[in-house]
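Note sheet for the following structure.
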Amino acid sequence: MIYADTDFFLALLKPNDRLRDSAVMLYEQHKGQITTSLITFIELMLLAKRYSLDPVRLTSSVMSICNIDDGRLLKAAIFIRDGVSVFDAFHAAYCNCKIISSDDVYDELGIERVRLASDT
């Protein structure tokens, strides 16, 4: 397996990226052997808006390239597309439907929240 970072996926998926030809060549050479991590998905979601990339399409493309089958990644991308912040979206997708938080965004997403609040 070969690990690819964010730049590789952006080069493949951004229109007119200066590194696109190189990324396509490397993709063809290493097809079926490419992997990445949650860190890459988070970074891609942070950059999606800057480059006008659809978070769901971006996520599903990277998952396909890396043969990743984790619905939580797509769930986070959908939350992001719907306006939830990147970090809140990943927390929501990975919390298993129950979270300790002071943030009411989770209530809006239908996630059971154990309220983190001070008594003072």
- request: With θ set to phi - 60°, apply the Karplus curve 6.51 cos²θ - 1.76 cosθ + 1.60 along region 37-50 and write out the HN-Hα couplings as whole Hz, x wherever there is a Gly or Pro.
  value: 9, 4, 4, 4, 4, 5, 5, 4, 5, 5, 8, 4, 5, 4
query: Going by how many other beta carbons lie within 10 Å of each one, how would you line up 63, 25, fewest first?
result: 25, 63
- prompt: In terms of modelled amide H atoms, which long-range or inter-chain residues lie less than 5 Å from the amide H of residue 34?
  reply: 2
query: Cα centroids of region 84-120 and region 1-59: how far apart, whole angstrom?
result: 29
message: With the crude spin-label approximation of a point 7 Å out along Cα→Cβ, what separation in nm comes out for residue 108 versus residue 46?
response: 2.2
field: Exceeding the 26 Å Cα-Cα cut-off - candidates 49/75; 31/98; 14/75
entry: 31/98
query: If you plug each phi of region 26-36 into the Karplus form 6.51 cos²θ - 1.76 cosθ + 1.60 with θ = phi - 60°, what whole-Hz ³J(HN,Hα) values come out, in order, with x for Gly and Pro?
result: 5, 4, 4, 5, 10, 3, x, 10, 8, 9, 7
task: Determine, from the Cβ-Cβ distance of residue 57 and residue 27 and an R0 of 25 Å, the FRET efficiency 1/(1 + (r/R0)^6), rounded to the nearest 0.05.
output: 0.90
query: If you plug each phi of region 109-114 into the Karplus form 6.51 cos²θ - 1.76 cosθ + 1.60 with θ = phi - 60°, what whole-Hz ³J(HN,Hα) values come out, in order, with x for Gly and Pro?
result: 8, x, 9, 5, 10, 8
Prolate/oblate/rounded call for region 46-101, Cα gyration tensor, a/c under 1.5 rounded: oblate
- prompt: So if R0 is 25 Å, what FRET efficiency would residue 1 and residue 85 give, r being the distance between their Cβ atoms, rounded to the nearest 0.05?
  reply: 0.20
query: How big is the charge dipole of region 2-82 about its Cα centre, in debye rounded to the nearest 20, if each Lys and Arg gets +1 on its Cβ and each Asp and Glu gets -1 on its Cβ?
result: 220
statement: Taking 4-16, 27-39 and ranking on average Cβ neighbours within 10 Å, highest first, one gets 4-16, 27-39
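Since every read-out is calculated from the coordinates, none of them should be taken as a lab result. These numbers come from a predicted model, not from an experiment. Glycine also receives a Cβ, built like all others from the backbone with ideal geometry; neighbour counts cover every protein chain displayed.
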